[in-house]
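To keep things clear, I will list the structure first and then write my remarks on it.
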Amino acid sequence: MPFMTGDDPGTATTCHEINIPDDIYFRMAVRGALLELANPRNWEQLGSATPDEYAALAETMIDAFNVSSC
């Protein structure tokens, strides 16, 4: 089942902390799951924003996630 796009999300962001088990396989699984958001084919356009736009937003989010730590 695809993720649904909304309208233009603008530039505001919000931060959510998640605690990932300290196991390389679990960390890689989380990163892999997030990568699904960066694939436009996994999005279905519902609002005015396109799947490509939402996938690009996801890529930006994932890049920040990959360099952050608590």
Small (Gly, Ala, Ser) and modelled with pLDDT under 95: does that describe Ser68? yes
Identify all residues within the range 8-21 that are modelled with pLDDT under 95 and not β-branched (Val, Ile, Thr); write none if there are none. Asp8, Pro9, Gly10, Ala12, Cys15, His16, Glu17, Asn19
Consider the range 13-70. How many of its residues are of a type in the set (Phe, Trp, Tyr) and either more than 21 Å from Met1 (Cβ to Cβ) or more than 14 Å from the chain's Cα centre (by Cα) (or both)? 3
Given (1) surrounded by 12 or more Cβ atoms within 10 Å (Cβ to Cβ); (2) in contact with a Lys or Arg (Cβ under 9 Å, 6 or more places away or on another chain); (3) modelled with pLDDT of 95 or more, Leu34 misses just (2)
Considering only the range 42-55, I want to know if a residue exists there that is without any contact (Cβ under 8 Å) to a residue 40 or more places away in the chain, out of contact with any helix residue (DSSP H, G or I) (no Cβ under 6 Å at 6 or more places or on another chain) and exposed (fewer than 13 other Cβ atoms within 10 Å of the Cβ). no
For the range 1-40, which residues satisfy the criterion of being of a type in the set (Gly, Ala, Ser) and either assigned to a helix (DSSP H, G or I) or free of Cβ contacts under 8 Å to residues at least 40 places away in the same chain (or both)? Gly10, Ala12, Ala29, Gly32, Ala33, Ala38
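The values are calculated or read from the model by the stated rules, or taken from the named source; none is laboratory data. Values in this document were obtained by computation on a predicted structure and should not be read as measured data. Please note: Cβ atoms are built from the backbone with ideal geometry, for glycine as well, and neighbour counts cover all protein chains shown.
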